[in-house]
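Down below is the structure, laid out as structure tokens.
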Amino acid sequence: MKISNNSSILTGFILLGFPCLREGQILLFVLFSVVYLLTLMGNGSIICAVRWDQRLHTPMYILLANFSFLEICYVTSTVPNMLANILSDTKIISFSGCFLQFYFFFSLGCTESFFLSIVALDRYLAICWPLHYPTRMTGRLCTNLVVSCWTLGFLWFLIPIIIISQMSFCGSRIIDHFLCDPGPLLALICKKAPMVELVFSTLNAVPVIILFLYIMGSYALVLRTVLKVPSAAGRRKAFSTCGSHLAVVSLFYGSVLVMYGSPTTEHKAGTQKIVTLFYSVVTPLLNPVIYSLRNKDMKKALQKFLRI
């Protein structure tokens, strides 16, 4: 990996982050530090509650605990480096640091897409096939699905990122973002590689668009089944088990589709930062709140855990 700028060899990229006065930088540092700690505490509490409450040792909550662990990893792939960048005077990130962040950020995002689709499958089986649910969604199947999500997520972008990391980068080394995003990064490549950009865009679209359509299809079947339930109480109970997941899907896919549903050249740098900040930092913060507020069993487990 190298960056060439006529006569000089540069040693890394410059992440502009959020340019503002020093007072503004300090305020952003405090704000993002608090958000990061709250995210760790919220998702960590869900993991502990599922681990220590025997009533929550079911596929739905095991998937939720893994999802919370994923959110911790996801926010950790961006925020610590963002905080260091805010305090830095040079704003430089090394080649290895940039591409490692690039790899983990997109691999974890891809893994999250797979997890959301697996949770949709779990809700479909629980509501549309309630009598067969215990025999279909077994512990072994749940474990296999979890392992598959992590494995596929981390293999999905591996080859394209390796290829991009071996290319030469010319001209300005400035990335007008708070992380190593593909749009501004690919714009710095010396020799344009439309095939690489096409492959990356295609791999981006599969987990975003196809899995989103799969989730919506699953919930369309769930809705059809729920509407056939004769009692209003039964319908409310069925909807309550899906409401949290649908809220999380809406937050994640709503922002991701805005960001990657159209070419990155159509987005201004400020828009890219705001949208990316929403689904990479704000969404992991809100997810524990959404799941705990709409789930009585999770509320009880969290109250029991916090009293320990």
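Looking only at region 76-103, count every residue that is in contact (Cβ under 8 Å) with a residue 60 or more places away in the chain, outside any helix (DSSP H, G or I) and either closer than 10 Å to Leu15 by Cα or open to solvent by 40 Å² or more (accessible area, probe 1.4 Å) (or both) and tell me the total.
The number of residues fulfilling the criteria is 5.
Residues checked against (1) surrounded by fewer than 19 Cβ atoms within 10 Å (Cβ to Cβ); (2) touching a Cys at 6+ places or on another chain (Cβ under 7 Å); (3) modelled with pLDDT under 85:
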residue: Trp129; (1), (2), (3): yes, no, no
residue: Cys149; (1), (2), (3): no, no, no
residue: Gly153; (1), (2), (3): no, yes, no
residue: Cys180; (1), (2), (3): no, yes, no
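Pick from Gly24, Gly42: which is modelled with pLDDT under 95, in a helix (DSSP H, G or I), open to solvent by less than 40 Å² (accessible area, probe 1.4 Å) and over 22 Å from His177 (Cβ atoms)?
Selected residue: Gly42, the only one of Gly24, Gly42 that is modelled with pLDDT under 95, in a helix (DSSP H, G or I), open to solvent by less than 40 Å² (accessible area, probe 1.4 Å) and over 22 Å from His177 (Cβ atoms).
Among the residues of region 87-134, count how many are of a type in the set (S, T, N, Q) and over 22 Å from the mean Cα position of the chain (by Cα).
Going through region 87-134 one residue at a time, the tally reaches 3.
List pairs: first residue in region 52-74 and modelled with pLDDT under 90, second residue surrounded by fewer than 17 Cβ atoms within 10 Å (Cβ to Cβ) anywhere in the structure, Cβ distance under 6 angstrom, at least six positions apart or on different chains.
Close Cβ pairs satisfying both conditions: none exist.
Let me confirm something: among Ala84, Ala65, which residue is more than 22 Å from Tyr219 (Cα to Cα) and small (Gly, Ala, Ser)?
None of the others qualify; the one that does is Ala84.
Out of the residues in region 27-38 that are aliphatic (A, V, I, L, M), over 17 Å from the mean Cα position of the chain (by Cα) and surrounded by 13 or more Cβ atoms within 10 Å (Cβ to Cβ), which is farthest from Lys273 (Cα to Cα)?
Restricting to residues being aliphatic (A, V, I, L, M), over 17 Å from the mean Cα position of the chain (by Cα) and surrounded by 13 or more Cβ atoms within 10 Å (Cβ to Cβ), the top hit is Leu27.
Which residues, counting only those in region 39-56, are within 19 Å of the chain's Cα centre (by Cα) and within 18 Å of Lys299 (Cβ to Cβ)?
Met41, Gly42, Asn43, Gly44, Ser45, Ile46, Ile47
Would you call Pro184 closer than 19 Å to Ile162 by Cβ and either of a type outside the set (Phe, Trp, Tyr) or free of Cβ contacts under 8 Å to residues at least 12 places away in the same chain (or both)? Can you show your working first?
Numbers: closer than 19 Å to Ile162 by Cβ: no; either of a type outside the set (Phe, Trp, Tyr) or free of Cβ contacts under 8 Å to residues at least 12 places away in the same chain (or both): yes.
So Pro184 fails the test.
Can you name every residue in region 139-156 that is under 15 Å from the mean Cα position of the chain (by Cα) and of a type in the set (A, V, I, L, M, F, W, C)?
Cys149, Trp150, Leu152, Phe154, Trp156
Do the conditions hold for Leu10, that is, is it at pLDDT below 90 and in contact with a strand residue (DSSP E or B) (Cβ under 9 Å, 6 or more places away or on another chain)?
Yes; evaluated as a whole, the condition is true for this residue.
Could you list all residues from region 122-140 that are part of a helix (DSSP H, G or I), out of contact with any Phe, Trp or Tyr (no Cβ under 8 Å at 6 or more places or on another chain) and free of Cβ contacts under 8 Å to residues at least 40 places away in the same chain?
Tyr133, Pro134, Thr135, Arg140
If we scan region 75-84, do we find a residue that is of a type outside the set (Gly, Ala, Ser) and at pLDDT below 90? Break it down stepwise before answering.
Let us first name the residues in region 75-84 that are of a type outside the set (Gly, Ala, Ser), namely 75-76, 78-83.
When the remaining residues are screened for being at pLDDT below 90, the result is none.
No, region 75-84 has no match at all.
The values are calculated or read from the model by the stated rules, or taken from the named source; none is laboratory data. Just so it is clear, the model here is predicted, and its values are computed rather than measured. Heads up, the Cβs are rebuilt from the backbone with ideal geometry, glycines too, and the neighbour counts pull from every protein chain shown. Heads up: the accessible areas ignore ligands, DNA and RNA and are worked out on the full protein's heavy atoms, side chains in. Shrake-Rupley method; radii C 1.70, N 1.55, O 1.52, S 1.80 Å.
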